[in-house]
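The values are calculated or read from the model by the stated rules, or taken from the named source; none is laboratory data. From a predicted model like this one, the values you see are computed outputs, not experimental measurements. Counting neighbours? That spans all protein chains shown, and the Cβs are built from the backbone with ideal geometry, glycine included. With ligands, DNA and RNA removed, areas are computed over all heavy atoms of the protein, side chains included. Shrake-Rupley method; radii C 1.70, N 1.55, O 1.52, S 1.80 Å.
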Amino acid sequence: MLSTNIKEATKAAHQDLEKKVVLKLKAVRSHLDYADVLKHFYVYFNAVEQAIAPYITTELLPDHAERRNSSYLKKDIEELGADTSDLPEAIAPEISNTLQALGAMYVMEGSIMGGPIIVQMLAKYGVDKGVSFFSGYGEATGQMWGKFVAVMNATAQNEADEAIAIAAANETFSRFGDVFTSTEQLSS
């Protein structure tokens, strides 16, 4: 089943990205610092959303329009008193079919699961607004994840399909990490 195999096969890439994100979050000391972190999420999620748009349809995922997206990030950035200018560079993974799109979306939807932990971490640093994106779907988070996983599992019919989705998920994690790495190199 893809949902089981993708989690294991992307574990290293997920952990690498998580380390980069946590380092950025631990450096947050103000609302503007946090807005800068959100800009990294915004530019990347926006790029990935554009790449998957032709393949993630309401026929495939009926609640797609209700799912969290980069517009939440933009709203959070603006609530913090910043805007979406001066964005880091982001390169979306190569997406040319539905399986790759689902692999990329696995990374994006999976980010919801860690959202409450991020909100708690930010609260320790005095950040109390601009958290709509990381608040996920509230009480419906588990249900929304379950619906996505069911679609992902139903779409991947065999090991070859799973391999395509897994490769796209790994590339999505890796390129997301690049968004954080490129700005560290620029500021060094």
Just one listed residue, out of GLU171, GLU159, is modelled with pLDDT of 95 or more and exposed (fewer than 15 other Cβ atoms within 10 Å of the Cβ), and it is GLU159
Out of the residues in segment 95-140 meeting the condition of being open to solvent by less than 50 Å² (accessible area, probe 1.4 Å) and aromatic (Phe, Trp, Tyr), tell me which one is modelled with the highest pLDDT.
TYR106
Out of (1) farther than 17 Å from VAL119 by Cβ; (2) free of Cβ contacts under 8 Å to residues at least 40 places away in the same chain, what's the single condition that is false for ASP33?
(1)
Got a sec? Which helices (runs of 4 or more DSSP H) wholly within segment 58-124 have at least 3 residues that are over 18 Å from ALA27 (Cβ atoms)?
70-79, 98-110
Would segment 143-160 turn up any residue that is assigned to a helix (DSSP H, G or I) and at positive phi?
no
Contact list please: Cβ distance under 7 Å, first residue in segment 131-149 and closer than 11 Å to GLY110 by Cα, second residue among the hydroxyl-bearing types (Ser, Thr, Tyr) and open to solvent by 30 Å² or more (accessible area, probe 1.4 Å), pairs at least six apart or on different chains.
MET144/TYR137
